[in-house]
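Trainee: Following this message is one structure expressed as structure tokens.
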Amino acid sequence: LILESIDLRQLVEEIFDMYTDFPVKLINSVQENYTLVADRKKLFTLLKNLVDNAVKYNKEEGLVEVKAYSDGTWHKIEVKDTGIGIPRVHLPFIFERFYRADPSRSRDLGGTGLGLSIVKHIALLHGGKVEVESKEGEGSLFRVYLPILSE
Ligand code: ATP
Ligand code: MG
């Protein structure tokens with residue numbers, strides 16, 4: 001890991017800039033000057049994979065929101081969408097390599113099923129973890145925990 005201090009709001013903005021052509025609303029709710037110490041390239045990949053899903057598995061005019069806060073031990077970064085959601089039976093497996101919930105539904109979207117396994121891997125490399133809450137038809141919330149590190 002190459003640890004450095006990262007302006008999270010700016011990192012999220014860079015990722016959102018890659019998705020301006022999609023018919024969803026992107027909301028960057030990370031406070032100004034919210035910084036954390038992490039590997040910038042890896043954190044970029046982690047958040048890009050989550051935003052990519054939040055955009056792809058959304059509905060027309062849906063929302064994608066990124067937030068961050070800390071509780072003294074963890075930075076918690078949330079990526080929330082108002083998309084199609086993930087059926088409960090699939091939830092235990094979505095972080096496995098090549099697993100795609102309902103391939104017929106996601107076939108047109110042309111993924112390989114690797115994005116979330118990479119998200120989990122990068123969180124673990126930092127000593128963190130990832131949680132998901134989702135409801136079919138309503139949307140999903142991915143919460144990434146990263147330890148509070150000093151440079
Ligand atoms: P890739 O990320 O490699 O392009 P992928 O998006 O299919 O392909 P993952 O990102 O690992 O793979 O996600 C695994 C599966 O979990 C997806 O195929 C989809 O079924 C489901 N999923 C992931 N994120 C969401 C989300 N935000 N909303 C609804 N379903 C999701
Ligand atoms: Mg994906």
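Trainee: Among the numbered criteria (1) surrounded by fewer than 16 Cβ atoms within 10 Å (Cβ to Cβ); (2) within 25 Å of GLU14 (Cα to Cα); (3) within 12 Å of ligand 2 (Cβ to nearest atom); (4) touching a residue at least 12 places away in the same chain (Cβ under 8 Å), which single criterion is violated by VAL51?
Mentor: (1)
Trainee: Then there is this: Restricting to strands (runs of 3 or more DSSP E) lying wholly in segment 67-151: which have 1 or more residues that are touching a residue at least 60 places away in the same chain (Cβ under 8 Å)? Walk me through how you get there before you give the answer.
Mentor: On the way: elements: 74-81, 129-135, 139-147.
It comes to 74-81, 139-147.
Trainee: Given ASN58, ASN53, which one is assigned to a loop (DSSP other than H, G, I, E, B) and within 13 Å of ligand 1 (Cβ to nearest atom)? Working first, answer last.
Mentor: Working: ASN53 fails: assigned to a loop (DSSP other than H, G, I, E, B).
When all the criteria are applied, what remains is ASN58.
Trainee: Right, next: For residues in segment 1-36 being buried (at least 19 other Cβ atoms within 10 Å of the Cβ) and of a type in the set (A, V, I, L, M, F, W, C), which is farthest from LEU146 (Cα to Cα)?
Mentor: Step one: filter segment 1-36 for residues buried (at least 19 other Cβ atoms within 10 Å of the Cβ), giving 8, 11-12, 15, 24, 26, 30, 34, 36.
Right, trim to of a type in the set (A, V, I, L, M, F, W, C) and you get 8, 11-12, 15, 24, 26, 30, 36.
Values: LEU8: 13, LEU11: 15, VAL12: 16, ILE15: 19, VAL24: 27, LEU26: 23, VAL30: 15, LEU36: 9 Å.
Here the answer is VAL24.
Trainee: Determine which member of the set ASP71, ASP81, ASP102 is near ligand 1 (Cβ under 10 Å from one of its atoms), under 28 Å from ASN33 (Cβ atoms) and either modelled with pLDDT under 95 or not β-branched (Val, Ile, Thr) (or both).
Mentor: Details: ASP71 fails: near ligand 1 (Cβ under 10 Å from one of its atoms); ASP102 fails: under 28 Å from ASN33 (Cβ atoms).
When all the criteria are applied, what remains is ASP81.
The values are calculated or read from the model by the stated rules, or taken from the named source; none is laboratory data. Not measured: the values here are computed from a predicted model. We place every Cβ from the backbone using ideal geometry, glycine too, and count neighbours over all the protein chains shown.
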